[in-house]
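Okay, structure first, notes after.
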Amino acid sequence: MSNVQIITGNQAAALAAKLCSVEVVAAYPITPQSQLSEILSSYVESGELKAEYVRVEGEHSALTVCISASTVGARVFTATSANGLLYMHEQLHWAAGSRLPIVMCCVNRGVGAPWTIFNDQQDSLAQRDTGWIQLYCRNNQEIIDTVIQAYRIAESVYCPVMVCYDGFVLSHTMMPVDIPDAAGVRAFLPPYQPHTILSPDDPRNLNPVLFPGQRRDSEGVLRDGYMDMRYKLQAALEKASETIRAVNAAFAEAFGRDHGGMLWEYRTDDADLILAGMGSIASEATVAADRLREEGIKAGVVGIRSYRPFPKADVRNAFRNAKGIAIFEKSISYGYEGGLCSDLKAAFYGTAIKAPIHNYIAGLGGRDVKARELAAAAKNSLAGFEKGMVEPQTTWLNTTTG
Amino acid sequence: MPENLFKLNAKEYILPGTRACQGCGLSLGYRYALKALRENTIVTLPACCLCVLHGIYPSTPVMIPCLNNSFASTAASAAGIVAGLQALNKTDTTVMAVAGDGGTFDMGIQALSGAAERGTDFIYLCYDNEGYMNTGTQRSSATPMGAVTTTTPILTKQQHKKDFIKIMDAHDLPYLATVSPSYPIDLYEKFVKAKKIKGTRYIHMYVPCPPGWGFATKDTIKTGKLAVETGVVVLFEIENGKFRFTGRSKTLAERGNRLPVINYLEKQGRFRKMNIEQLNQQQAWVDGKWQEYIRRAEA
Ligand SMILES: Cc1ncc(C[n+]2csc(CCOP(=O)(O)OP(=O)(O)O)c2C)c(N)n1
Ligand code: SF4
Ligand SMILES: [Mg+2]
């Protein structure tokens, strides 16, 4: 039996946290996340959600509270955007380094200076190398479902998960969402089992200073040095790909919705031209692909769901027959190109995929980008490819450049 | 109430062989603090000398569970532990955040003020060695005027120490106290008392630091005592707003026989470049603070 409600992305995320019975919430308001922390406050104050809500004085503390509460064995939740996420940066590393299954929503927003409250994905992309799993959502249904999946993933691999969704475009836009039933979620998500509990029953010194080399403990057992622990984090993230696929499959089985494991594909089977992106812009690209097909161009879309771990094998498979690729990104690695573009090129290296790639930077700071503009851009790329253009310059869409 | 050291909890929570320096005031004070709090305690701490005292992985000399966290995060880390324990119904554990003066007066102030304002149920222990010792004796806002540090190497520190206790007092805490490892019974009693109180309890511990301050390792206790005798350090507690001198400071307040600050300053290498004007300013500053306390005690 479905329970469809028309809700915003922030409501979907809050409902998901409630369905997952989070035990500690710590959050600090920032547009466009604020509504999410407000809804959670009312859940906790009304008693709908039995959790401790720590109304911290800043995002560094928000994530710190989650880190410490998770260490003593509680399931935790936080959410932020833009400068709030940047303010957490030190603790993002701390959370991943401590191997804690924290789940956080990043309601994607451009970062200052100058200020913008509107959407792009520079905030989360800039946190790429912090050791967090990053999952991107294309609509509000995916937000609620992905947060639920995120806890199961995080608690299986002991890595934190950032569930990213576009500010305003999703966070403040109402869409029909099928709300999973509480009993179903309980069955899908077993209780959190910490890998180590900080407790007087078993005193330990967690996250201490390490030497570069391995050392023996008092029983003579050789223990990890710093670098060995770093390797384990990397291995866990690499292994997480399997877990993400498996959890997506288990979710599809339980709730009847498959959002793709590491990525999703749209009309790619016979596609010559593939549009790619993450989050709502990839969703919009599906409308562009439909338009292109109406014009006789065989277009399809690949939406990257898991940016870290990066779906290397999956993209090699998804793009294997592409004759041209247009990548639309809401962030930029200044001084080079879009991060997704670089990663895709690197994944294709040494394979038979030799399709030309055109990178578009689009929608920064909420700059409007319409499906027909994506279609026109992709069509333009295709025309260039057909003329033999192999390595086009990155194009800033709808922007005065030069 | 223990009238002598033999009446204190005999159990040791810090085994021999810590990585603190010889003569470290912190190791002495911390030892008595843990004895008072006993085993059902969780400690959280940032980068600082105490982090080093807690040992290098995979061994630790401390038998109390400890969560290391980043430099700015100590009080928030405690708030997370408290919230987590609360959510799991494990509310009988004492949570103590411990940080140095740098991690408290400077970088940790935001998280501490936030946690105190929220009334987080924990003890915050600031051990004050008046500088960033772990990183090599740089100036902090707790460094007294006239001290040479590695970032005030020629001109000495030009500003007075930040009156951080006043800042914490402005949070209207249920309990605030100052302690010194040179007076272990006073220290112990205050931790025993703090353990029983709910809400945010702030304890300020002055810890003489031989390498950072420039005195012989055998003189730690003596240096701590001189600090109290001269009124540079004042032992007191504020319980629900009620101020009370304790221990040796109480006697000094009653008798009015404080020693001049020079007796304390001249014994430490860090004050070697202090000029007479700074000395007079330091004396006036200490006198002023002392008068504030006297008025507070009389009120
Ligand atoms: C964000 C950040 N900045 C700087 C440091 C370097 N650092 C480590 S300990 C420390 C000083 C600690 O001073 P204090 O808190 O007084 O403790 P002490 O070392 O004196 O015991 C500094 C600056 C750090 N760990 N983190
Ligand atoms: S530097 Fe000072 S405070 Fe730090 S361990 Fe050495 S004596 Fe103790
Ligand atoms: Mg210090």
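The values are calculated or read from the model by the stated rules, or taken from the named source; none is laboratory data. All values reported here derive from a predicted model rather than from experimental measurement. Backbone-built Cβ (ideal geometry, glycine too); neighbour counts: all protein chains shown.
Points to keep in mind about this one:
A quick yes/no check of all residues on (1) assigned to a strand (DSSP E or B); (2) of a type in the set (A, V, I, L, M); (3) surrounded by 15 or more Cβ atoms within 10 Å (Cβ to Cβ); (4) at pLDDT 95 or above:
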position: A:R138; (1), (2), (3), (4): no, no, yes, yes
position: A:I148; (1), (2), (3), (4): no, yes, yes, yes
position: A:S156; (1), (2), (3), (4): no, no, yes, yes
position: A:V163; (1), (2), (3), (4): yes, yes, yes, yes
position: A:V169; (1), (2), (3), (4): no, yes, yes, yes
position: A:V177; (1), (2), (3), (4): yes, yes, yes, yes
position: A:L198; (1), (2), (3), (4): no, yes, yes, no
position: A:P212; (1), (2), (3), (4): no, no, no, no
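- Residues in the stretch B:107-138 that are within 16 Å of ligand 2 (Cβ to nearest atom) and not in a loop (DSSP other than H, G, I, E, B): B:L125, B:C126, B:Y127, B:D128, B:Y132, B:Q138.
- Among the residues of the stretch B:117-127, those that are over 17 Å from the mean Cα position of the chain (by Cα) and either under 13 Å from B:H171 (Cβ atoms) or within 13 Å of ligand 1 (Cβ to nearest atom) (or both) comprise B:E117, B:R118, B:G119, B:T120.
- Scope the stretch A:221-234; condition exposed (fewer than 13 other Cβ atoms within 10 Å of the Cβ) and within 11 Å of chain B (Cβ to nearest Cβ); matching residues: A:V221, A:L222
- Selection status of A:A13, small (G, A, S), in a strand (DSSP E or B) and either within 11 Å of chain B (Cβ to nearest Cβ) or surrounded by 22 or more Cβ atoms within 10 Å (Cβ to Cβ) (or both): no
- For A:D269, the conditions (1) assigned to a loop (DSSP other than H, G, I, E, B); (2) not assigned by TED's automatic domain parsing to the domain that holds A:F310 all hold with the exception of (2).
- Some residue of the stretch B:116-123 being within 16 Å of ligand 3 (Cβ to nearest atom) and within 14 Å of chain A (Cβ to nearest Cβ): no
- One residue stands out in the stretch B:18-37 among those that are within 14 Å of chain A (Cβ to nearest Cβ), free of Cβ contacts under 8 Å to residues at least 60 places away in the same chain and in contact with a Ser or Thr (Cβ under 9 Å, 6 or more places away or on another chain): the one that is nearest to ligand 2 (Cβ to nearest atom), namely B:A20.
- Candidates B:A99, B:A47, B:A72 - the one that is within 9 Å of chain A (Cβ to nearest Cβ), within 14 Å of ligand 2 (Cβ to nearest atom), of a type in the set (A, V, I, L, M, F, W, C) and outside any helix (DSSP H, G or I): B:A47
- Test: residue in the stretch B:170-180 that is within 16 Å of ligand 3 (Cβ to nearest atom), part of a loop (DSSP other than H, G, I, E, B), buried (at least 23 other Cβ atoms within 10 Å of the Cβ) and at pLDDT 95 or above: yes
- Any hit, the stretch A:186-193, residues being closer than 30 Å to B:R38 by Cα and of a type outside the set (D, E): yes
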